[in-house]
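Working notes for the structure below.
The values are calculated or read from the model by the stated rules, or taken from the named source; none is laboratory data. All values derive from a computational prediction rather than experimental measurement. Backbone-built Cβ (ideal geometry, glycine too); neighbour counts: all protein chains shown. Quick note on the areas: whole protein, heavy atoms, side chains included, nothing else; ligands and nucleic acids left out. Shrake-Rupley method; radii C 1.70, N 1.55, O 1.52, S 1.80 Å.
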Amino acid sequence: IFSEATSVTLGGQHLDIEARDIPLERFTEPAYMRIAASKTAFYTVAVPCLLGAEMAGARGHSGAIRKFGRALGTAFQIIDDVLDAENDGAGRFGKAPGNDILEGKRTLIAAAAFRRLAGAKKRRLAAFYSLPRVKRSPVMAAEVRRDILACGAPAECRAKAGKLTAAA
């Protein structure tokens with residue numbers, strides 16, 4: 001189980017890093033779900049449950065545990081990404097506001113915002129995400145963050161996470 005956890009998680013991290021080269025307009029929800037399921041969902045939820053089942057001698061539940069872990073862990077990652085965008089810098093989250101945005105991380109909330117925005121705001125979002133990290137400034141990230149928060153993307157992502165949690 002530990003060997004599989006290492007392999008799957010590293011594969012998910014590789015997908016996450018590769019996704020940063022995908023233009024935001026081509027980054028899809030299925031691509032995000034693959035990353036979240038391979039990375040966060042597997043090592044945060046599925047693996048601990050699989051190890052617990054193994055230790056308890058309940059090996060016959062692997063399929064159900066994996067399904068549960070994928071749904072709950074993906075919901076966790078979606079909410080983590082939403083909270084990163086909503087972070088106002090008041091110290092409640094333990095990290096800088098909009099850190100994922102500044103990094104250009106491909107998240108479900110960024111993809112949802114791209115679908116929802118129009119005109120200059122949509123172009124600004126796509127342009128920002130296409131810049132190399134060293135060319136993205138905190139001021140630019142703050143503008144993009146405001147657009148992401150105002151367009152309804154957080155609520156859309158929270159609804160998706162709610163459905164996944166219910167499925168788990």
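Count Lys and Arg as plus one, Asp and Glu as minus one, and take only other residues whose Cβ is under 10 Å from that of residue 75; the net charge is then +3.
Calculate the translational D of region 16-108 in whole µm² s⁻¹ from Stokes-Einstein, where the hydrodynamic radius comes from the Kirkwood formula applied to all Cα pairs, the temperature is 4 °C and the viscosity 1.567 mPa s. Rounded, D is 89 µm²/s.
A Förster radius of 22 Å combined with the Cβ-Cβ distance from residue 5 to residue 58 puts the calculated FRET efficiency at roughly 0.80. What separates the Cα centres of region 1-33 and region 118-168 is a distance of 18 Å. Projecting the alpha carbon convex hull of region 114-168 along each direction and taking the average yields 4.6 nm². Take residue 139: with every protein chain present and a 1.4 Å probe, its accessible area is about 100 Å². What percentage of the solvent-accessible surface of the chain, computed with a 1.4 Å probe over protein heavy atoms, is contributed by carbon and sulfur atoms? Looking at the chain in its full context, I get 60 percent from C and S.
The angle between the Cα long axis of helix 138-150 and the longest principal axis of the Cα atoms of the chain comes to about 70 degrees, rounded to the nearest 10.
With everything on Cα atoms, drop me the angle between helix 47-56 and the longest principal axis of the chain, reported from 0 to 90° to the nearest 10. Between helix and principal axis, roughly 10 degrees.
Measuring between alpha carbons in the structure, the pairs from 39/122; 105/163; 67/163; 122/160; 121/163; 135/160 lying more than 25 angstrom apart are 39/122; 121/163; 135/160. With all protein chains kept in place, the per residue accessible area of region 11-168 amounts to 51 square angstrom at a probe of 1.4 angstrom.
Between the Cα long axis of helix 2-19 and the first principal axis of the chain there is an angle of about 20°, rounded to the nearest 10. Based on the Stokes-Einstein relation at 10 °C and a viscosity of 1.306 mPa s, and on the Kirkwood radius from alpha carbon pairs, the chain is assigned a translational diffusion coefficient of 95 µm²/s.
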